[in-house]
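Novice: Structure incoming, see below.
The values are calculated or read from the model by the stated rules, or taken from the named source; none is laboratory data. On a predicted model such as this, the values are computed, not experimentally measured, just so you know. Cβ: placed from backbone, ideal geometry, glycine included. Neighbour counts: every protein chain shown. Side chains are part of the model used for accessible areas, which takes the heavy atoms of the whole protein and leaves out ligands, DNA and RNA. Shrake-Rupley method; radii C 1.70, N 1.55, O 1.52, S 1.80 Å.
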Amino acid sequence: MEENNKNQSKFKAIPVKGNISYEKTSKNKSDFGKSILLPFVSGILGCSVVIGTCFGIPSIKSKIIGNTNSQISTTNNTSTESDGYVKQISLKNYSDTAVYAANKILPSIVGIKIEYTVNTTSLFGRGGTSTATASGSGIIISEDGYILTNNHVVSSNSESSSYYQISEATKISVTLFNDETEYGAKIVGKDEQTDLAVIKIEKTGLTKAEFADSDNVKVGEFAMAVGNPVNMNSTVTTGIISAVNRKITDSDGKTYTCIQTDAAINSGNSGGALVNSDGNVIGINTLKLSGTGIEGIGFAIPINSTTDITSQLIQYSKVKRPYIGISGIDLDEATAKRYNLVLGIYIKSVDDFSSAEKGGLKAGDVIIEADGKSINTMNELNEIKNSHQIGDEIKLKINRDGNEKEITLKLGEQP
């Protein structure tokens, strides 16, 4: 408004009408042009300049001709003021996306309740037994009752002390979407290394979840976490994909390659689904970071990495993995220098009858390469080993007493 007033004050300095002085008709033609015609023409020209200038300024133009056409609808549900100062974006498309994704995935998500036995011992030697419960989530992966979840949901956390010990799950029950009936479930197979498990209920006609290609997930795209946090069944939270291929090490020292999201993941969400805008599963909600100053950092196991594990758990009740047969210690620069060793993996022991023993590895050797790649940690060695199948050969380079040597092993099956 202040700018308009300034413009208007400038315009007022331009005369709209000339001051015409009427003379007697006895004046000749030259006097008539100077005294009447010239000021008249000048007035018209001045008026034209003012009107043209006014129409060139949007705020003045809108006052002159009104605001009936001041908004222009555009695609993508946006509306823009003609002066360019206000832009409105509709959230209808985002809302519709979330509603669609939720409606599609919710019938495929279950609540899981687990009961444990807790044996306690008091300071005076007296003990007792009690029952504890926990909860989690799962994803229906077949119409006849197979459900994918996390290993830590259905397994004892092995927590124990001199005062109490927690057993394995003594009872597992499953609740379906919009069904308060509790269905008894049994563990088909579980894998501690990948934190995955498959359970089964005796029911058919279930809604199987659809899987997306998690290798195509992009940072910034829509994400929805679905599960049963703190026993609130069928809860959805939304956010975006914050990162992909994020390496995360849990409190037990296990390293996972995860999808990171800011969609809220809370206790009880474990084993639930992380889905895309199509309502298709891209990951299994597994971990979150918590603590002062930490918020909105959750992690899911990419669904592509679960498919082979899941099929093996159903077929064999376990995961068959290639096996070398050593226990090792990661050598950092300080440790290697202290004991006059090279960087790599120090072999502490070799299992009897293992691939390592058959291939000639010995305690005290330092593994420095696997399949031509320099390695310093057991995690790096296991990653290369797990890229092979049972029966494949793996080439190792070791340092033994200061001399390098190459050894080829035929991988066995992990006992």
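Novice: Say whether the condition of being surrounded by 14 or more Cβ atoms within 10 Å (Cβ to Cβ), at pLDDT 80 or above, out of contact with any Cys (no Cβ under 8 Å at 6 or more places or on another chain) and closer than 30 Å to THR237 by Cβ is met by at least one residue in segment 118-128.
Specialist: No - not one qualifying residue is present in segment 118-128.
Novice: Please go through (1) out of contact with any strand residue (DSSP E or B) (no Cβ under 7 Å at 6 or more places or on another chain); (2) closer than 27 Å to ASP195 by Cβ; (3) β-branched (Val, Ile, Thr) for THR335 and return the number of the only condition it doesn't satisfy.
Specialist: (2)
Novice: Report whether or not ILE140 is of a type outside the set (Gly, Ala, Ser) and either in contact with a helix residue (DSSP H, G or I) (Cβ under 8 Å, 6 or more places away or on another chain) or at pLDDT below 60 (or both).
Specialist: yes
Novice: Also, I was wondering about something else. Filter segment 243-260 for residues that are open to solvent by 40 Å² or more (accessible area, probe 1.4 Å) and without any contact (Cβ under 8 Å) to a residue 60 or more places away in the chain and give the result.
Specialist: The answer is VAL244, ASN245, ARG246, LYS247, THR249, SER251, ASP252, GLY253, THR257.
Novice: Looking at segment 350-379, which of the residues that are of a type outside the set (S, T, N, Q), over 14 Å from ARG400 (Cβ atoms) and in a strand (DSSP E or B) is nearest to the chain's Cα centre (by Cα)?
Specialist: Step by step, filter segment 350-379, then rank; the result is LYS373.
Novice: In addition: Would you pick out the residues in segment 277-300 that are among the β-branched types (Val, Ile, Thr) and without any contact (Cβ under 8 Å) to a residue 40 or more places away in the chain?
Specialist: Passing the criteria: THR292, ILE294.
Novice: Return the total of residues in segment 143-163 being in contact with an Asp or Glu (Cβ under 7 Å, 6 or more places away or on another chain), of a type in the set (Gly, Ala, Ser) and either modelled with pLDDT of 95 or more or open to solvent by 30 Å² or more (accessible area, probe 1.4 Å) (or both).
Specialist: The qualifying residues number 1.
Novice: Return a yes/no flag: does segment 231-238 have any residue that is open to solvent by 10 Å² or more (accessible area, probe 1.4 Å), over 29 Å from ASP96 (Cβ atoms), in a strand (DSSP E or B) and modelled with pLDDT of 95 or more.
Specialist: The answer is no, given that none of the residues of segment 231-238 is open to solvent by 10 Å² or more (accessible area, probe 1.4 Å), over 29 Å from ASP96 (Cβ atoms), in a strand (DSSP E or B) and modelled with pLDDT of 95 or more.
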